[in-house]
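The values are calculated or read from the model by the stated rules, or taken from the named source; none is laboratory data. Every value quoted in this text rests on a predicted model; they were computed, and no experiment measured them. Note that we place each Cβ from the backbone using ideal geometry, even for glycine, and neighbour counts take in every protein chain shown.
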Amino acid sequence: MFDVLIVGGGLAGLSLACALRDTRLKIALLESSPPQPSAGWDARVYAISPANAEFLQAIGVWKHLDGERISPIAAMKIVGDSGAKLDFSAYETGVAELGWVLESSLMACELWENVKRQANLTLLCPAAPNAIKMGEKSVELSLAEGQSLSTKLLVGADGGDSWVRGAAGLQAIATPYGEMGLVANFECEHPHRGIARQWFRDDGVLAWLPLPGNRISVVWSTPDVHAGELLALPAEALALRVASAGGDALGSLKLLTPASAFPLRLLRVPQTIGSRVALLGDAAHGIHPLSGHGINLGYQDAKALAALLAATPEWQDVGSERLLQRYQRARREETLLVQYTTHTIRRLFRETLPGMRPLRNLGLGLTNTLPVVKNALVRYALGG
């Protein structure tokens, strides 16, 4: 009998396992395949907030990451579709860095190495879930390989198309954006100086994130048809298109990693808990990448659930409804706020009604002239 069985060895699930390392709890983690290091530069990157860098530090992961593959964010420049500008900087905000850009595979591989060495964890890989049977005091999980496991708490950290969520009967409301998130890495002619850049354009939202050296990672959230056109371009033509879309801010670009794309959607999960079941990470929510909050929400899910589980007395049931309700309450407000804000901003800049373009750019420019408001926005982002 396990205390906690985590289905899914992505960033959120692995971080939860690591956060429970020094507890009395008996843990199992189920994953179909281990993460693989990137041969070059991983095109899937995340902007990690200071709060989540602290979390990764606390669970013993951050200090083992290769510092030469981490790029600090010193400032951010946002440009509206009529040229309005909003600038943030770590110096003006009074912090050392606004965040750090890390490759997904870099974090995943280090988290994986940590759980492999974890004394209170049983790692089941390769393995896949097949069926669950709910009991009064435990959940029985049958594996495709024929094995059967019992646990007091089943955690679904198995992504946006979560098997656990479906098997537990938890509803998910998906709203497709009709857009793709195109990702690729480029070498740039001029130094980026640690500045992250974002443009709201007629063809979507374009973001340039700093990587170590004269390199950037690009995320272009754009309608499906346009994404297809970009993916079909030869390397040099794509580099020219991306450079031009960003106003040639860093001079000429050279493609380093082949472009790929993934569909974008808003995913709302009204109930992220069930009977002896908890969801976290992409299984519990999905947002537009323009906010950069994706895995930051997932790490905060893991931190909140781990704190509750670690504080549970030995005589108390870690799968109790009371504990799970506390977890859901702890995470609901931030998740809904980020989802609503991101969804609203995306709609605002995609709206074509007369008068909307000057209005939204006026708001962007006005915010840039109000230091108190601007710093409040930055400090909220730093904490999530």
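Things worth noting here:
- Test: residue in the stretch 227-244 that is at pLDDT 95 or above, within 13 Å of HIS192 (Cα to Cα) and of a type in the set (Ser, Thr, Tyr): no
- When we screen ARG331, ARG268 for residues that are in contact with a strand residue (DSSP E or B) (Cβ under 7 Å, 6 or more places away or on another chain), of a type in the set (D, E, K, R) and touching a residue at least 40 places away in the same chain (Cβ under 8 Å), the only hit is ARG268.
- Restricted to strands (runs of 3 or more DSSP E) entirely inside the stretch 248-345, those with at least 2 residues that are over 27 Å from TRP62 (Cβ atoms) and touching a Cys at 6+ places or on another chain (Cβ under 9 Å) are 253-255.
- Among residues of the stretch 129-152, those that are hydrophobic (A, V, I, L, M, F, W, C), surrounded by fewer than 15 Cβ atoms within 10 Å (Cβ to Cβ) and touching a Leu at 6+ places or on another chain (Cβ under 8 Å), counted: 1
- Checking VAL95 against (1) within 30 Å of ALA245 (Cα to Cα); (2) modelled with pLDDT under 95; (3) touching a Leu at 6+ places or on another chain (Cβ under 7 Å), the condition it does not meet: (1)
- Restricting attention to the stretch 2-40 and to residues that are in a loop (DSSP other than H, G, I, E, B), of a type in the set (D, E, K, R) and touching a strand residue (DSSP E or B) at 6+ places or on another chain (Cβ under 9 Å), the residue that is farthest from ALA128 (Cα to Cα) turns out to be ARG24.
- Of all the listed residues (ALA168, ALA207, ALA157, ALA249), the sole one being out of contact with any Phe, Trp or Tyr (no Cβ under 7 Å at 6 or more places or on another chain), over 25 Å from ASP42 (Cβ atoms) and touching a residue at least 24 places away in the same chain (Cβ under 8 Å) is ALA168.
- Looking at ALA239, ALA330, ALA243, ALA283, just one residue is in contact with a Ser or Thr (Cβ under 9 Å, 6 or more places away or on another chain) and assigned by TED's automatic domain parsing to the domain that holds LEU29, and that residue is ALA283.
- Just one of (1) touching a helix residue (DSSP H, G or I) at 6+ places or on another chain (Cβ under 7 Å); (2) charged (D, E, K, R); (3) not in a strand (DSSP E or B) fails for GLU54. It is (1).
- Conditions (1) closer than 30 Å to LEU121 by Cβ; (2) crowded, with 22+ Cβ neighbours inside 10 Å; number of the one not met by PHE200: (1)
- Strands (runs of 3 or more DSSP E) fully within the stretch 143-201 counting 1 or more residues that are touching an Asp or Glu at 6+ places or on another chain (Cβ under 6 Å), more than 30 Å from ASN130 (Cα to Cα) and aromatic (Phe, Trp, Tyr): 195-201
- Residues satisfying the stated conditions in the stretch 61-93, i.e. in a loop (DSSP other than H, G, I, E, B), within 22 Å of the chain's Cα centre (by Cα), buried (at least 16 other Cβ atoms within 10 Å of the Cβ) and of a type outside the set (Val, Ile, Thr): LEU65, ALA74
- Residue list for the stretch 210-221, restricted to those being assigned to a strand (DSSP E or B) and either without any contact (Cβ under 8 Å) to a residue 12 or more places away in the chain or touching a His at 6+ places or on another chain (Cβ under 9 Å) (or both): PRO210, LEU211, ARG215, ILE216, TRP220, SER221
- Any hit, the stretch 222-239, residues being surrounded by fewer than 22 Cβ atoms within 10 Å (Cβ to Cβ), touching a strand residue (DSSP E or B) at 6+ places or on another chain (Cβ under 6 Å) and not in a helix (DSSP H, G or I): yes
- Condition check for THR175: closer than 22 Å to PRO35 by Cβ, surrounded by fewer than 20 Cβ atoms within 10 Å (Cβ to Cβ) and of a type in the set (Val, Ile, Thr): no
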